[in-house]
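Undergrad: Below you'll find the structure I mean.
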Amino acid sequence: MSASLRTSLALIALSIAALAAALWLGPVAVDPFANDAATRTIVWDIRLPRALTAWIVGAALGLAGAALQGLLRNPLADAGVLGLSGFAALGAVIAFAFGFAMLAPLMAIAFAAAAALIVTMLGWRARGPASLALIGVGLSSFAGGLIALALNLAPNPGALADLVNWTLGSVEGRSMNDVMLAGACLVLGAILIAFAARGLQALTLGEEAAAAIGANLSNTGTLVILGAAACTGGATAVAGVIGFVGIAAPHLVRALAGHDPARLLWPSALAGGALLVCADIAVRLLPTDSELKLGVAAALIGGPVFALIAARLAARGGDA
Amino acid sequence: MSALLELGAVSVSLGGRSVVAGASFSLASGQIVALLGPNGAGKTTLIRAALGLTPIDSGASRLIGDDPSRLSPRERALRAAYLPQRPQAIWPVSVENLVALGRFAHGAAPDRLSPRDQAAVDVAIDACALTSLRARSMNEISGGEKARAHLARALAQQAPLLALDEPTAGLDPAQALAVAAILRKHAEQGGVLFSTHDVTLAANCADQVLLMREGKVIAQGAPREALTSVALREAYGVSGSIEQIGGTLTAIFRA
């Protein structure tokens, strides 16, 4: 059994355990098999869709992160860091603020794809991980500015508080509709990225040699950009902006499954899902007055981890 | 003898500057062609243009009869294996996985090889004396070992033409001779095009040399005829000559 398969099986088990725990645990401890109406509502109508949404969003961000890292040959690449999440949020905010809420998911995906295209064009020849991260910082800040502008110009200021809340990132109160939407986007993104897996493997040799061993790099690039956009757009449309999952998941998985970018894809998705379900359980169990937003928690944990990985890379002269 | 690679008056300019001007040569199966010349002479660009990896302004290249820039990446990889000047291993994969990437065009994934792919990888690893290092990670081996791993990747491709950009750069004399032996062995069934700054090595192992300066081929032919003192002075700007010492040719340069 390969290391990648072994890791995947362990992460599937961890995901199932985390999802089960998410049904049990919460501000009210309940027995999920108790057969009264209140329990059924709490467990199956509130906690189950919420936990599934968290898993799908985490898996989508983990998969997008692993694919982007392979394409850009950079362990700091991630939908959040590179600005895909910010642009997806911008697309959704524009849809909400100007009264086309129905179009929000489509707008999120389209804007994420645009950001992925821009960052790939600017970052393809970036020397070292840090310069790519800087391009992402620029794009993210730009998206942030445009979101503020959209909120500023929004015809309905009453929606402002909702929108701000939503850009913080959360899976609170999500329904099965959200699960279906993000799930469909994840499946679409996973199919696109699966076709790019071999090209990502070839990119282990760098761009020049990858083309020379027979990889079609423009196909690989297109598939990853569209796949990462579908994953990020779907995830952001239902949960808002949640950062760092796409960095943390592949980083954790490398130690177990090795460095081959194709063999990292599925374990990274599984790890991202398990990670975000666990983070959401933690958020619900914290005794705060108003619940801590999942996106805020992810940034509080993920930010320092990101800085640590970046510092370690810089100390090694930029090698992966 | 059929030509593996045939260049007719190939010119390339990059960013408006002429980098290769009117280079012609023919490389038949069984032959080794060496590109010589100072830094910036256009050797790398000539190799890339010959393989269709850099667009040609005028002239033509034929790789086993076809314009390589019109071949699919896979078809091109089955005809020519290319080793860039500074080969990279972005991720610290094992030596064996890196070498196995040479089987990409044959449809193999590096960790799931068919018996045929595995045999090609084993032969390449053996030829480059990497057997004891095959499970090691690419970031745990020395510079010379890395160079050999990348060469093994190109050999594993089992393409008729081997095109190598400075395959002996940074290698000690013993390792450079080992690479020369690998090139000769490949030339028993295929052809080799390589660039180098090691004039002695080129004089001893190439059937034909192209001496370049500022994009132009200033001397071309069998090493003893092409590498005259006049040509070496024109190329490198210092006095040089090829002397026969025992059975080998030696390049001697004086300031």
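Undergrad: Determine, yes or no, whether residue A:281 is open to solvent by 10 Å² or more (accessible area, probe 1.4 Å) and modelled with pLDDT of 85 or more.
TA: Yes, satisfied.
Undergrad: Can you tell me which residue within segment A:136-165, out of those that are at pLDDT 85 or above and in contact with a helix residue (DSSP H, G or I) (Cβ under 7 Å, 6 or more places away or on another chain), is surrounded by the fewest Cβ atoms within 10 Å (Cβ to Cβ)?
TA: It comes out as A:144.
Undergrad: For segment B:173-214, give me each residue that is open to solvent by 10 Å² or more (accessible area, probe 1.4 Å), out of contact with any Ser or Thr (no Cβ under 6 Å at 6 or more places or on another chain) and either not assigned by TED's automatic domain parsing to the domain that holds residue B:2 or not hydrophobic (A, V, I, L, M, F, W, C) (or both).
TA: B:173, B:175, B:184, B:185, B:186, B:188, B:189, B:197, B:207, B:208, B:213, B:214
Undergrad: Moving to a separate point now. Within segment B:96-108, can one find any residue that is more than 7 Å from chain A (Cβ to nearest Cβ), surrounded by 21 or more Cβ atoms within 10 Å (Cβ to Cβ), at negative phi and without any contact (Cβ under 8 Å) to a residue 12 or more places away in the chain?
TA: Checking segment B:96-108: at least one residue is more than 7 Å from chain A (Cβ to nearest Cβ), surrounded by 21 or more Cβ atoms within 10 Å (Cβ to Cβ), at negative phi and without any contact (Cβ under 8 Å) to a residue 12 or more places away in the chain.
Undergrad: Moving on to the next point. Give the residue that is nearest to residue B:160 (Cα to Cα), with candidates limited to residues of segment B:53-80 that are within 13 Å of chain A (Cβ to nearest Cβ) and surrounded by fewer than 20 Cβ atoms within 10 Å (Cβ to Cβ).
TA: Restricting to residues being within 13 Å of chain A (Cβ to nearest Cβ) and surrounded by fewer than 20 Cβ atoms within 10 Å (Cβ to Cβ), the top hit is B:78.
Undergrad: So which residues in segment A:88-140 are of a type in the set (S, T, N, Q) and within 18 Å of the chain's Cα centre (by Cα)?
TA: Scanning segment A:88-140 gives A:120, A:140.
Undergrad: When residue A:178 is evaluated against the numbered criteria (1) under 20 Å from residue B:53 (Cα atoms); (2) more than 14 Å from chain B (Cβ to nearest Cβ), which criterion, by number, is the only one it fails?
TA: Residue A:178 satisfies all of (1) under 20 Å from residue B:53 (Cα atoms); (2) more than 14 Å from chain B (Cβ to nearest Cβ) except (1).
Undergrad: Take segment A:53-70 and flag every residue that is under 12 Å from residue A:85 (Cβ atoms) and either open to solvent by 10 Å² or more (accessible area, probe 1.4 Å) or modelled with pLDDT of 95 or more (or both).
TA: Across segment A:53-70, the qualifying residues are A:57, A:60, A:61, A:64, A:65.
Undergrad: Please find, within segment A:1-23, the residue that is nearest to the other protein chains (Cβ to nearest Cβ) out of those that are surrounded by 14 or more Cβ atoms within 10 Å (Cβ to Cβ) and not aliphatic (A, V, I, L, M).
TA: Step by step, filter segment A:1-23, then rank; the result is A:4.
Undergrad: Grab the strands (runs of 3 or more DSSP E) fully contained in segment B:1-46, keeping just those with 3 or more residues being closer than 18 Å to residue B:202 by Cβ.
TA: Qualifying strands (runs of 3 or more DSSP E): B:17-28, B:32-36.
Undergrad: Next question, about the same structure. State yes or no: is residue A:80 open to solvent by less than 40 Å² (accessible area, probe 1.4 Å) and part of a helix (DSSP H, G or I)?
TA: no
Undergrad: Among the numbered criteria (1) touching a residue at least 60 places away in the same chain (Cβ under 8 Å); (2) over 25 Å from residue A:201 (Cα atoms); (3) basic (Lys, Arg), which one does residue B:79 miss?
TA: So the condition that residue B:79 fails would be (2).
Undergrad: Between a residue in segment A:12-26 that is over 14 Å from residue A:46 (Cβ atoms) and any residue that is open to solvent by 40 Å² or more (accessible area, probe 1.4 Å) and at pLDDT below 95, which pairs come within a Cβ distance under 6 Å, given they are 6 or more apart or on different chains?
TA: Pairs found: A:18/A:278.
Undergrad: Would you mind finding the one in A:255, A:262 that is within 14 Å of chain B (Cβ to nearest Cβ), without any contact (Cβ under 8 Å) to a residue 40 or more places away in the chain, part of a helix (DSSP H, G or I) and over 12 Å from the mean Cα position of the chain (by Cα)?
TA: A:255
Undergrad: Inspect all residues belonging to segment B:149-157 and state whether any of them is in a loop (DSSP other than H, G, I, E, B), at pLDDT 95 or above and not β-branched (Val, Ile, Thr).
TA: Within segment B:149-157 (the criterion being in a loop (DSSP other than H, G, I, E, B), at pLDDT 95 or above and not β-branched (Val, Ile, Thr)), the answer is yes, since at least one residue qualifies.
Undergrad: Which of the numbered conditions does residue B:204 fail, given that it passes all the others? Conditions: (1) part of a helix (DSSP H, G or I); (2) within 17 Å of residue B:25 (Cβ to Cβ).
TA: Failed condition: (2).
Undergrad: Another question, then. Just for segment A:27-43: of the residues that are assigned to a helix (DSSP H, G or I) and touching a residue at least 12 places away in the same chain (Cβ under 8 Å), which one is least open to solvent (accessible area, probe 1.4 Å)?
TA: Step by step, filter segment A:27-43, then rank; the result is A:43.
Undergrad: So is residue A:229 without any contact (Cβ under 8 Å) to a residue 24 or more places away in the chain and either open to solvent by 10 Å² or more (accessible area, probe 1.4 Å) or farther than 30 Å from residue B:158 by Cα (or both) or not?
TA: So residue A:229 fails the test.
Undergrad: Further, regarding this structure: Can residue B:233 be described as over 22 Å from residue B:165 (Cα atoms) and among the basic types (Lys, Arg)?
TA: Yes.
Undergrad: Here's another thing I want to ask about it. Scan segment B:120-144 residue by residue and report those that are in contact (Cβ under 8 Å) with a residue 40 or more places away in the chain and within 24 Å of residue B:202 (Cα to Cα).
TA: Once the filter is applied, which keeps residues that are in contact (Cβ under 8 Å) with a residue 40 or more places away in the chain and within 24 Å of residue B:202 (Cα to Cα), segment B:120-144 yields B:127, B:128, B:129.
Undergrad: Residues A:257, A:307, A:299, A:271: which one is farther than 21 Å from residue A:72 by Cβ, modelled with pLDDT of 80 or more and of a type in the set (Gly, Ala, Ser)?
TA: A:299
Undergrad: Which of the residues that make up segment A:181-220 are more than 14 Å from every other protein chain (Cβ to nearest Cβ) and open to solvent by less than 30 Å² (accessible area, probe 1.4 Å)?
TA: Those that are more than 14 Å from every other protein chain (Cβ to nearest Cβ) and open to solvent by less than 30 Å² (accessible area, probe 1.4 Å): A:182, A:183, A:185, A:186, A:189, A:190, A:193.
Undergrad: Does residue A:243 meet the test of being modelled with pLDDT of 90 or more and touching a Gly at 6+ places or on another chain (Cβ under 8 Å)?
TA: Taking the combined requirement at face value, the residue does not satisfy it.
Undergrad: Within segment B:117-158, restricting attention to residues that are among the charged types (D, E, K, R) and surrounded by 16 or more Cβ atoms within 10 Å (Cβ to Cβ), which residue is nearest to the other protein chains (Cβ to nearest Cβ)?
TA: Step by step, filter segment B:117-158, then rank; the result is B:153.
Undergrad: Within segment B:161-172, identify whether any single residue is open to solvent by 10 Å² or more (accessible area, probe 1.4 Å) and either of a type in the set (A, V, I, L, M, F, W, C) or part of a helix (DSSP H, G or I) (or both), and answer yes or no.
TA: Within segment B:161-172 (the criterion being open to solvent by 10 Å² or more (accessible area, probe 1.4 Å) and either of a type in the set (A, V, I, L, M, F, W, C) or part of a helix (DSSP H, G or I) (or both)), the answer is yes, since at least one residue qualifies.
Undergrad: With respect to the numbered conditions (1) facing chain A (nearest Cβ under 7 Å); (2) farther than 17 Å from residue B:53 by Cα; (3) touching a residue at least 40 places away in the same chain (Cβ under 8 Å), which one is the sole condition not fulfilled by residue B:84?
TA: Of everything listed in (1) facing chain A (nearest Cβ under 7 Å); (2) farther than 17 Å from residue B:53 by Cα; (3) touching a residue at least 40 places away in the same chain (Cβ under 8 Å), residue B:84 misses just condition (2).
The values are calculated or read from the model by the stated rules, or taken from the named source; none is laboratory data. This one's a predicted model, so the numbers in the text were calculated from it and none came from an experiment. All Cβ positions, even for glycine, are placed from backbone atoms using ideal geometry, and neighbour counts span all protein chains on display. These area figures cover heavy atoms from the full protein model, side chains too; ligands, DNA and RNA do not enter into them. Shrake-Rupley method; radii C 1.70, N 1.55, O 1.52, S 1.80 Å.
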